[in-house]
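K.L.:
Right, I'll just put the structure down here and ask away after.
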Amino acid sequence: MKLKMSDKSLFAMLLRSPWWISLLIALVLGLVASALLPADYRVAGALSGFPFAVISAMAAQRQWRLPSAARVQQTQLATSAMAWPAFAALLAQSFQRSGYSVAQAKGEAVDFSVQRQGRTMLVCARRWKSARIGIETLRALQAARMSAGDAAEAPQALCICLGELTDNARPYAAEHGITVWQAADLALALRGLPLPPAPR
């Protein structure tokens, strides 16, 4: 059984926060330990901030890789102006660059079936331009996922959309473990790949 860290845990929240917050916590803990603990315990007390220093380094590494707001906007404008065949080819190139084998899927709910290291992921991307993605799209993706294997061996699922999820679609995706890529995620996945000029 694969354990998943809770999104509400302190560790997860600090990873999503600016890296310097964790570093500040580490420094404060070290200073408090040095000021308040007896001399024999100061070193051990100062080391209590070490886990937060590690979190700071991890968060900094993650955030360094994130695309800028300008890049996200450029990606959103460029991809929203593309026709489906061009966008599909760009996605396939991105997945292949990340080590996936890519196969076109048949059916309305799934556009690609991608595989890496023995794991399969079903990708729904054809509605990437939609202003809002409703629960019906995710239900169809989940149904295709369940028909591809039993609960233990079911493939992963990914929905790509530039628009927002509706109020009932977002908790449905979280409940069923469906990954959702929006503009920032797409900009990261397509980093370094040629995009058409964004319309003016």
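K.L.:
For the chain, what is the mean residue ellipticity at 222 nm derived from helices alone (per DSSP H run of n ≥ 4: -39500 (n - 2.57); sum divided by total residues; nearest 500 deg cm²/dmol)?
P.N.:
Taking each H run of at least 4 residues, the total per residue is -15000 deg cm²/dmol.
K.L.:
Relative contact order for segment 69-189 using alpha-carbon pairs under 8 Å, separation at least 6, rounded to a whole percent?
P.N.:
In percent, rounded to a whole number, it is 24.
K.L.:
For segment 69-189, report the translational diffusion coefficient in µm²/s to the nearest whole number, using Stokes-Einstein at 25 °C, 0.890 mPa s, and a Kirkwood Rh over Cα pairs.
P.N.:
The calculation lands on 168 µm²/s.
K.L.:
If each residue of separation counts as 0.36 nm, what is the full-extension length gain between A148 and E175 once their alpha-carbon separation is subtracted?
P.N.:
7.8 nm
K.L.:
Just tell me the longest site-free run in the chain, where the sites are GluC sites (Glu not before Pro) in a DSSP loop having at most 13 other beta-carbon atoms within 10 Å.
P.N.:
1-107
K.L.:
Write out the trypsin sites (Lys or Arg not before Pro) in segment 121-184 meeting two conditions: DSSP loop, and at most 15 other Cβ atoms within 10 Å of their Cβ.
P.N.:
Loop-located and lightly packed - K129.
K.L.:
Using only Cα atoms and rounding to the nearest 10 degrees, what angle (0 to 90) does helix 19-36 make with the longest principal axis of the chain?
P.N.:
Roughly 20 degrees, rounded to the nearest 10.
K.L.:
If you restrict to DSSP beta bridges whose two residues both lie in the chain, what percentage is antiparallel, to the nearest 5?
P.N.:
So the antiparallel bridges in the chain amount to around 50 percent.
K.L.:
Also, quick follow-up: With r defined as the distance between the Cβ atoms of F11 and L31 and R0 fixed at 25 Å, what FRET efficiency is calculated, to the nearest 0.05?
P.N.:
Efficiency, rounded to the nearest 0.05: 0.70.
K.L.:
List the relative contact order of segment 10-65 as a percent without decimals, with contacts defined as Cα pairs under 8 Å and 6+ residues apart.
P.N.:
49 percent
Read-outs: derived from the displayed coordinates by stated rules, not from any lab. Computed from a predicted structure; not experimentally measured. A quick note on method: Cβ atoms are made from the backbone with ideal geometry, for glycine too, and the neighbour counts reach across all protein chains shown.
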